[in-house]
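Following: one structure in structure tokens, then a few remarks.
Nothing in this text is a laboratory measurement; each read-out follows from the coordinates by a stated rule. What you are looking at is a predicted structure, and each value in this text was computed from that prediction instead of being measured. Please note: Cβ atoms are built from the backbone with ideal geometry, for glycine as well, and neighbour counts cover all protein chains shown.
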Amino acid sequence: MPSQPKSGLQITGTGIYLPSHVLTNQDLEKLVDTSDEWIFSRTGIRERRIASETETSTWMGVQAAQQALTQAKIQAADLDLILVATVTPDSFFPSAACRISAELGATGCPAFDLQAACSGFVYGMIVAEQFLRTGAARNVLIVGTERLSSVVDWRDRNTCVLFGDGAGAIVLRQNEASRGILAFDWGADGASADLLHLHNPQSRGLATKPPAPLAPDCIVMAGKEIFKQAVNAMADSALRTLQKAGVNLSDVRCVISHQANIRIIDALVDKLKFPRERCFVNVHKYGNMSAACIPVALHEAGPEMKLQKGDKVLLVAFGGGLTWASALLEW
Ligand code: ACO
């Protein structure tokens with residue numbers, strides 16, 4: 001472990017894994033009473049990836065992590081911390097982070113899961129930054145991996161059209177010559193938890209207060225309300241981050257927002273008055289992959305948006321909890 005505090009950090013590697021099985025809107029027309037026209041016009045989604053039985057959250061996370069390590073030109077043994085953001089771990093324990101660490105061969109490296117639903121990956125970057133800035137870690141692997149197809153009710157057209165599976169990973173490294181995360185903002189509001197939740201069917205313990213009516217073990221969502229909350233929370237969080245960084249929105253080269261729905265992204269950029277063409281979008285290909293959205297977008301945005309060293313990139317996410325987070329990066 002390095003002992004001297006250092007100031008900057010840099011993304012030295014990114015990696016992704018998307019299952020090869022593509023489920024199109026036309027495929028969904030055969031499962032539920034829906035249409036490509038309805039799904040695309042309401043969500044911007046054309047297709048999503050669906051994991052096979054062997055493509056578990058751990059397995060997909062390992063593939064993405066290995067690619068990120070290769071690009072960062074480091075070995076698993078060089079990692080000082082592994083963080084995994086997921087709402088669909090293969091087991092409650094061991095954590096997905098421990099399972100991924102074992103597959104990578106990162107024996108001894110601290111590893112833990114971090115759960116903030118769709119905001120989980122940005123939460124992970126913020127946590128990692130604290131260790132990197134103080135010198136407590138030099139290389140941190142952050143993985144977002146989700147197998148949402150296993151927690152979606154495939155009879156519920158309100159939700160099953162929205163989600164997909166996949167994984168993304170980055171390596172964050174101490175680097176005095178790079179500024180990395182210029183500012184961040186994060187928050188949560190547990191009082192609105194019921195708007196979007198996934199109940200644990202095993203949770204039947206003695207409770208002092210009875211829980212809300214038990215939901216099935218699938219994602220439950222109040223779509224319209226979540227839509228409004230997502231737009232407002234992401235816009236407010238993004239503006240707080242910019243204010244902390246002392247950076248004007250006009251100086252931001254690219255916004256990478258959580259990929260839940262094109263209408264949420266459009267409403268966000270409208271509210272911020274940010275040029276739509278400088279907002280990265282891949283929701284049409286993958287749907288909402290919760291904590292995997294931001295790392296997959298980070299991997300694809302570099303070449304697609306032609307990001308250059310020094311560009312300011314604003315990450316912003318919102319998810320169940322409710323949770324939100326934003327971070328301003330210097331590329
Ligand atoms: N196909 C056809 N019709 C549908 C479908 C579908 N897949 N889903 C719902 N409908 C119907 C509804 O039953 C309703 O019919 P009714 O009027 O006969 O009752 C009608 O379409 C309109 O439904 P609304 O809920 O009013 O549609 P809305 O315009 O709100 O769009 C949507 C629904 C897309 C879910 C929207 O509310 C939304 O985007 N919400 C955000 C949800 C989201 O992205 N969640 C992801 C998790 S949170 C996050 O990641 C930020």
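What to note about this one:
- Both radii are taken from the alpha-carbon atoms of the chain; with Rh as the Kirkwood radius, Rg/Rh is 0.95.
- Size check on region 8-178: the Cα extents along the three principal axes, sorted descending, read 54, 31, 25 Å.
- Selected from Ala191, Ala116, Ala77 as most flexible by GNM, with the chain as the system and alpha-carbon contacts under 10 Å: Ala191
- Dividing the mean sequence gap of close Cα pairs (under 8 Å, 6+ apart) by how many residues region 109-183 holds gives a relative contact order of 30 percent.
- Relative contact order %, region 8-178, counting alpha carbon pairs below 8 Å whose residues are six or more apart: 35 percent
- With 21 Å as the limit, the listed pairs Lys271/Lys312; Lys244/Lys273; Lys285/Lys309; Lys271/Lys306 have Lys285/Lys309; Lys271/Lys306 beyond it between alpha carbons.
- The length gained by stretching the chain between Arg240 and Ser91 to full extension, at 0.36 nm per residue less their Cα-Cα distance, is 50.1 nm.
- Those chymotrypsin sites (Phe, Trp or Tyr not before Pro) in region 98-199 that DSSP places in a loop and that have at most 16 other beta carbons within 10 Å: Trp154
- Asp194 versus Asn158: modelled label distance in nm, points set 7 Å from Cα along the beta carbon direction: 1.3 nm
- For region 6-91, GluC sites (Glu not before Pro) are listed when DSSP marks them as loop and at most 14 other Cβ atoms sit within 10 Å of their Cβ; the list is Glu53.
- Relative contact order of the chain, pairs being alpha-carbon contacts under 8 Å that are 6 or more residues apart, as %: 26 percent
- Three principal axis extents describe the C-alpha atoms of region 182-330; from largest down they are 54, 32, 24 Å.
- Long-range Cα-Cα pairs in region 89-181 (distance over 19 Å), rounded percent: 49 percent
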